[in-house]
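Worksheet: one structure, shown below.
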Amino acid sequence: MPERRSARQVVALVADDFTELPHPAREPVPDGPLGWPGYDAARARAAGRTGEDESVICGTARIEGVPVVLAAFEFGYLGGSLGEGTGDRLVAAYVHAREHRLPVVPLIATGGSRMQEGMVALTQLQRVARQSALTRRAGLPQIAVVRDPTTGGGWATLGAGADVILALPGAQIGFAGSRVRPAGADPAAYTARGQLAAGAVDAVVGEEELRAVLGRWLRLLTAPSGEPAPPPRPLGATDPPATGWEAVRRARAHDRPRAGSYLDAYFTERVAISGDRCGGTDDGMLCGFGAHQGRTVAYAAQTGSATRPAGYRTAARLIRLADRLGIPVLTLVDTPGAANDAEAERQGVGAAIAELFGAVAEARTPVTTLVIGEGGSGGALALAAPGGTWATGDSYFSVIAPESAARILKRPPREVPETADRLRLRPQDLAEPGTARTDDQLFPGTGDRRF
């Protein structure tokens, strides 16, 4: 079990400085809105133990030089539970963040809503959810740090509702607290690592790294830029393939440059998001934000495998977040196609692809695409920017794989190479129908051709 720090200790852990915001005034009611016997005495004991008069402290701070609004929960005060006073403070903090255009960083440790205040306490979740939604609409990032424990409505609003979720190692995280879970429930599902595996958090970060990681995220997410991201320079072949089958063979070569190499060469630093927030992750889709030539660019990159439904949903989540924050997007296409096994169908692969098509189509921020390997049908096209797609000499893009096309057309295997030529899937072929681009950067001497 990790050490349970107080609210002020965790603030000191991550912040360069901290100035508490004024507390909203509310006329006290004896034993709270329900007149719960002994409630005033319980609050007095909690205040004596912690030195706090509510379960959250809110204020302005700097994290590695970036100004933010912090909301740190004090678990020692009635289990960090949300009551009416907690809601007042959180609302005021979010309003201050919007008025001053500051990102919000909740440092959460809570057992849920406060029973002694009944439905009054429960409805604070609606107040918090509205403030979070208004802040999201205002284009301000929210980065949550989930501590031990983070359960109930605090997880379902401030935690799971954040743009980026960082969890401390060993933290209990879940909607159900430890005393209300079903008998026999797998305890691993309610841990930071379990939630990471389920796509519910972006990273598990140790306390010693937390300030630096938060600083990196904040620097990247608070640097909007309306300019399109330039396509990366090719790391492999710069001569166009002679035939369609050569293009396919180049794209499938084990030694050609992959997404990781392109991202390493393109960004001076980067941070990753993980998971679709629907229970899934896909290692075949790398998503996050990075610094390129001094400005932030979001990225979604396929790694050469068949893309799973969770991969498409994670990419859609990335593009929507970048769009809200005014950050340009770079996508790298490299997949033989969408996963088509029975499990992928059960997980809604068609709906996931549709979600990504929609995210790209609706994005107001510029999206740039580079095809670096296989461009297999709609599973690849969903990640491609209309009118903003380039292709390298190691790539192809096709309505269908040549082997599948030959089978559908009842052609023998020996005719697969000819079928590849018929499909006109080479990078230079794509310029004619207006599907993508080649230019001097990718193929020296070819000029600029959009395809």
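Structure notes:
- Ellipsoid fit via the Cα gyration tensor, the stretch 1-88: semi-axes of 27, 16, 9 Å, each the root of five times an eigenvalue, largest first.
- Computed from point charges on the beta carbon alone (+1 for Lys and Arg, -1 for Asp and Glu), the dipole magnitude for the chain about its Cα centre is near 480 Debye.
- Gyration tensor verdict on the stretch 7-221 (Cα atoms; rounded if a/c is under 1.5, prolate if a/b is larger than b/c, oblate otherwise): oblate
- Residues with amide H under 5 Å from that of THR335, placed H, sequence gap 5 or more: GLU374, GLY375, GLY376
- Taken along its three principal axes, the alpha carbon spread of the stretch 169-315 comes to 66, 36, 26 Å, from the longest extent down to the shortest.
- When its C-alpha radius of gyration is set against 2.2 N^0.38 Å (N residues), the stretch 246-318 gives a value of 1.19.
- Think of the chain as a dipole: +1 on every Lys or Arg Cβ, -1 on every Asp or Glu Cβ, centred on the Cα centre; then among LEU423, GLY290, PHE18, LEU423 lies furthest on the positive end.
- Per-bin percent of Cα-Cα distances, the stretch 46-117 [10 Å]: 21, 48, 26, 5
- Set the Cα radius of gyration of the chain against 2.2 N^0.38 Å, with N its number of residues, and you get 1.13.
- Diffusion constant of the stretch 244-450 at 20 °C, which comes from Stokes-Einstein with the Kirkwood Cα-pair radius and 1.002 mPa s, µm²/s: 125
- Loop sites in the stretch 57-112: GluC sites (Glu not before Pro), DSSP, at most 12 other Cβ within 10 Å: none
- The Kirkwood radius of the stretch 367-414, taken over pairs of alpha-carbon atoms, gives through the Stokes-Einstein law at 37 °C and 0.692 mPa s a diffusion coefficient of 279 µm² s⁻¹.
- Distance from the stretch 154-205 to the stretch 359-404 (C-alpha centre basis), Å: 35
- Least to most buried among THR303, THR296, THR268 (fewest other Cβ within 10 Å first): THR268, THR303, THR296
- In a reduced charge model with +1 at each Lys and Arg Cβ and -1 at each Asp and Glu Cβ, the stretch 199-288 shows a dipole moment near 280 debye about its Cα centre.
- Cα centre as origin, Lys/Arg/Asp/Glu Cβ charges: the stretch 268-317 dipole, Debye: 160
- Along the axis of the charge dipole computed for the chain (Cβ charges of +1 for Lys and Arg, -1 for Asp and Glu, origin at the Cα centre), the listed residues ALA316, PRO412, ILE353 are led at the positive end by PRO412.
- For ILE327, distant residues with modelled amide H under 5 Å away: SER225
- Rounded to the nearest whole Hz, the Karplus-based 3J(HN,Hα) values (6.51 cos²θ - 1.76 cosθ + 1.60, θ = phi - 60°) of the stretch 400-415 follow the sequence 6, 5, x, 4, 5, 4, 4, 5, 5, 7, 6, 9, x, x, 5, 9, with x at glycine and proline.
Every number here is computed from the coordinates shown, using simple stated rules; none is lab data. None of these values were measured; they are calculated from a predicted model. Note that each Cβ is placed from the backbone with ideal geometry, even for glycine, and that neighbours are counted across all protein chains shown.
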